[in-house]
């Protein structure tokens, strides 16, 4: 199955090293292929360097795309992570 979800980055720093690492650690728990799309650039959701290359700032809208047996669950967990500001306080 293939699922996707557009979501706004609500943490003050957008995608940075700690946020990318938290995303990858969550994404790696799933068998599905996971991608992040921002400004027509697609990054591997299981690669910190690929995600950092997006340069997505605060309040930008990204799309998470997951394809595989647990794609729906992956999208739900990753959306939760982003809505919770990657565990950051600001």
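Helix 17-27 and the longest principal axis of the C-alpha atoms of the chain enclose an angle of approximately 20°.
Under the simplified labelling scheme, the residue 47-residue 72 pair shows an inter-label distance of 3.0 nm, with each label point 7 Å from Cα along Cα→Cβ. The C-alpha atoms of the chain define a longest principal axis, and helix 71-83 lies at about 10 degrees to it. Treating each Cα of the chain as an identical point scatterer and summing with the Debye formula, the log10 of I(q)/I(0) at q = 0.21 Å⁻¹ comes to -0.93. Counting neighbouring Cβ atoms within 10 Å and putting the fewest first, the residues 48, 82 line up as 48, 82.
Every number here is computed from the coordinates shown, using simple stated rules; none is lab data. The model shown is predicted, which means the values in this text are computed figures rather than measured ones. Note that we place each Cβ from the backbone using ideal geometry, even for glycine, and neighbour counts take in every protein chain shown.
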